[in-house]
Amino acid sequence: MKKDWFQTGFFAHGIFNLSPVECYELCNRGAFIVDVREENMCSFKMFGVGNVIYLPFSALMQKYTELPKDKPLIFADTVGLKSRESVLFMEAQHYDNVANMAGGMVDWERDGLPVNTDLSTRLSGSCMCQLKARETKRNRSKFS
(Lines give C-alpha, C1' and ligand atoms only; values in the text may rest on other atoms or scores of the structure.)
Protein backbone atom coordinates (compact mmCIF):
# COMPACT_ATOMS: atom_id res chain seq x y z
CA MET A 1 0.00 0.00 0.00
CA LYS A 2 1.24 3.47 -0.89
CA LYS A 3 1.11 4.69 2.70
CA ASP A 4 3.89 2.25 3.50
CA TRP A 5 6.17 4.08 1.05
CA PHE A 6 5.12 7.68 1.64
CA GLN A 7 4.28 9.04 5.10
CA THR A 8 3.60 12.52 3.75
CA GLY A 9 2.02 14.08 0.65
CA PHE A 10 -1.49 14.55 -0.69
CA PHE A 11 -3.94 12.95 -3.09
CA ALA A 12 -5.11 15.19 -5.95
CA HIS A 13 -6.16 14.84 -9.58
CA GLY A 14 -6.33 11.07 -9.28
CA ILE A 15 -2.80 10.47 -8.04
CA PHE A 16 -0.58 10.76 -4.97
CA ASN A 17 1.54 13.94 -4.96
CA LEU A 18 4.50 15.19 -2.97
CA SER A 19 5.89 18.70 -2.65
CA PRO A 20 9.49 19.19 -3.79
CA VAL A 21 10.60 19.60 -0.16
CA GLU A 22 8.93 16.29 0.74
CA CYS A 23 10.65 14.68 -2.27
CA TYR A 24 14.04 16.01 -1.18
CA GLU A 25 13.57 14.65 2.33
CA LEU A 26 12.50 11.25 0.96
CA CYS A 27 15.53 11.16 -1.38
CA ASN A 28 17.75 11.63 1.66
CA ARG A 29 16.12 8.48 3.06
CA GLY A 30 16.52 6.32 -0.07
CA ALA A 31 13.71 7.29 -2.46
CA PHE A 32 14.51 7.85 -6.14
CA ILE A 33 13.46 10.68 -8.41
CA VAL A 34 12.56 9.37 -11.86
CA ASP A 35 13.14 12.32 -14.17
CA VAL A 36 10.90 11.77 -17.20
CA ARG A 37 11.97 14.92 -19.04
CA GLU A 38 13.40 14.34 -22.49
CA GLU A 39 17.18 14.74 -22.80
CA ASN A 40 16.97 18.25 -24.26
CA MET A 41 14.91 19.32 -21.24
CA CYS A 42 17.10 17.91 -18.48
CA SER A 43 20.56 18.65 -19.85
CA PHE A 44 20.55 22.23 -18.49
CA LYS A 45 19.08 21.81 -14.99
CA MET A 46 19.20 18.58 -13.06
CA PHE A 47 17.87 17.64 -9.64
CA GLY A 48 20.79 18.04 -7.24
CA VAL A 49 20.43 14.75 -5.39
CA GLY A 50 22.22 11.47 -5.95
CA ASN A 51 19.14 9.29 -6.31
CA VAL A 52 17.97 10.30 -9.79
CA ILE A 53 17.04 7.92 -12.59
CA TYR A 54 16.77 9.55 -16.01
CA LEU A 55 14.07 7.79 -18.02
CA PRO A 56 12.47 9.98 -20.69
CA PHE A 57 8.69 9.77 -20.91
CA SER A 58 9.07 8.62 -24.54
CA ALA A 59 10.90 5.48 -23.31
CA LEU A 60 8.86 4.77 -20.17
CA MET A 61 6.51 2.19 -21.69
CA GLN A 62 9.43 0.17 -23.02
CA LYS A 63 11.73 0.40 -19.96
CA TYR A 64 9.50 0.72 -16.89
CA THR A 65 10.28 -2.85 -15.80
CA GLU A 66 13.90 -1.77 -15.19
CA LEU A 67 12.77 0.53 -12.36
CA PRO A 68 13.15 -0.80 -8.81
CA LYS A 69 9.99 -2.08 -7.15
CA ASP A 70 11.55 -2.09 -3.70
CA LYS A 71 12.21 1.68 -3.46
CA PRO A 72 9.86 4.68 -3.50
CA LEU A 73 9.82 6.25 -6.97
CA ILE A 74 8.96 9.93 -7.32
CA PHE A 75 8.22 10.90 -10.91
CA ALA A 76 9.23 14.42 -11.91
CA ASP A 77 9.45 16.64 -14.95
CA THR A 78 9.51 20.39 -15.55
CA VAL A 79 6.08 21.28 -14.09
CA GLY A 80 4.35 17.99 -13.24
CA LEU A 81 2.40 17.13 -16.40
CA LYS A 82 4.28 14.17 -17.93
CA SER A 83 5.19 12.96 -14.46
CA ARG A 84 1.48 12.74 -13.62
CA GLU A 85 0.91 10.66 -16.77
CA SER A 86 3.88 8.51 -15.76
CA VAL A 87 2.40 7.81 -12.32
CA LEU A 88 -0.94 6.85 -13.88
CA PHE A 89 0.86 4.50 -16.26
CA MET A 90 2.93 2.92 -13.48
CA GLU A 91 -0.13 2.40 -11.29
CA ALA A 92 -1.82 0.65 -14.23
CA GLN A 93 1.21 -1.68 -14.27
CA HIS A 94 0.54 -2.47 -10.58
CA TYR A 95 3.38 -0.42 -9.10
CA ASP A 96 2.40 0.82 -5.64
CA ASN A 97 5.66 2.63 -4.90
CA VAL A 98 5.06 5.69 -7.11
CA ALA A 99 4.20 9.35 -6.51
CA ASN A 100 4.24 12.58 -8.48
CA MET A 101 6.40 15.59 -7.67
CA ALA A 102 3.91 18.45 -7.75
CA GLY A 103 5.37 21.41 -9.62
CA GLY A 104 8.41 19.54 -10.95
CA MET A 105 11.76 21.26 -11.48
CA VAL A 106 10.12 24.69 -11.49
CA ASP A 107 8.89 24.34 -7.90
CA TRP A 108 12.00 22.40 -6.83
CA GLU A 109 14.18 25.33 -7.84
CA ARG A 110 11.73 27.90 -6.45
CA ASP A 111 11.90 26.13 -3.07
CA GLY A 112 15.68 26.56 -3.05
CA LEU A 113 16.50 22.87 -3.34
CA PRO A 114 19.82 21.78 -4.90
CA VAL A 115 20.06 22.06 -8.68
CA ASN A 116 22.98 21.05 -10.86
CA THR A 117 23.28 23.42 -13.81
CA ASP A 118 25.20 22.88 -17.05
CA LEU A 119 26.16 26.39 -18.10
CA SER A 120 27.46 25.17 -21.47
CA THR A 121 23.83 24.87 -22.63
CA ARG A 122 21.55 27.81 -23.33
CA LEU A 123 17.78 27.43 -23.31
CA SER A 124 14.98 29.33 -24.98
CA GLY A 125 11.21 28.99 -25.17
CA SER A 126 8.04 30.96 -24.62
CA CYS A 127 7.29 29.32 -21.24
CA MET A 128 8.93 26.91 -18.79
CA CYS A 129 7.15 23.91 -20.28
CA GLN A 130 8.61 24.64 -23.74
CA LEU A 131 12.25 25.24 -22.86
CA LYS A 132 14.65 23.63 -25.30
CA ALA A 133 18.41 23.65 -25.67
CA ARG A 134 19.16 25.99 -28.55
CA GLU A 135 22.93 26.26 -28.53
CA THR A 136 26.02 25.32 -26.62
CA LYS A 137 29.08 27.39 -25.74
CA ARG A 138 31.03 26.26 -28.75
CA ASN A 139 28.53 27.65 -31.28
CA ARG A 140 27.50 30.91 -29.59
CA SER A 141 28.28 34.18 -31.29
CA LYS A 142 30.56 36.73 -29.66
CA PHE A 143 27.47 38.89 -29.02
CA SER A 144 25.81 36.37 -26.65
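The values are calculated or read from the model by the stated rules, or taken from the named source; none is laboratory data. Since the model is a prediction, treat every value here as computed from it, not as a measurement. We place every Cβ from the backbone using ideal geometry, glycine too, and count neighbours over all the protein chains shown.
Would you say Phe32 is within 18 Å of Asn116 (Cβ to Cβ) and either out of contact with any Phe, Trp or Tyr (no Cβ under 9 Å at 6 or more places or on another chain) or among the aromatic types (Phe, Trp, Tyr) (or both)? For Phe32, the condition - within 18 Å of Asn116 (Cβ to Cβ) and either out of contact with any Phe, Trp or Tyr (no Cβ under 9 Å at 6 or more places or on another chain) or among the aromatic types (Phe, Trp, Tyr) (or both) - is met. Select from segment 52-96 the residues that are of a type in the set (Phe, Trp, Tyr) and outside any helix (DSSP H, G or I) and list them in ascending order. Within segment 52-96, Tyr54, Phe75, Tyr95 qualify. Taking each residue of segment 84-109 that is in contact (Cβ under 8 Å) with a residue 40 or more places away in the chain and looking for partners that are surrounded by fewer than 17 Cβ atoms within 10 Å (Cβ to Cβ) and among the charged types (D, E, K, R) with beta-carbon atoms closer than 6 Å, six or more apart or interchain, yields Asp96/Lys2.
Every residue, every condition in (1) surrounded by 17 or more Cβ atoms within 10 Å (Cβ to Cβ); (2) within 15 Å of Leu73 (Cβ to Cβ); (3) touching a residue at least 24 places away in the same chain (Cβ under 8 Å), yes or no:
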position: Thr8; (1), (2), (3): no, no, no
position: Phe16; (1), (2), (3): yes, yes, yes
position: Cys23; (1), (2), (3): yes, yes, yes
position: Arg29; (1), (2), (3): no, yes, no
position: Val34; (1), (2), (3): yes, yes, yes
position: Met41; (1), (2), (3): yes, no, yes
position: Phe47; (1), (2), (3): yes, yes, yes
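Among the criteria (1) at pLDDT 95 or above; (2) over 22 Å from Thr117 (Cβ atoms); (3) acidic (Asp, Glu), the one Asp96 does not fulfil is (1).
All told, Ser58 falls short of being of a type in the set (Ser, Thr, Tyr) and in contact (Cβ under 8 Å) with a residue 60 or more places away in the chain.
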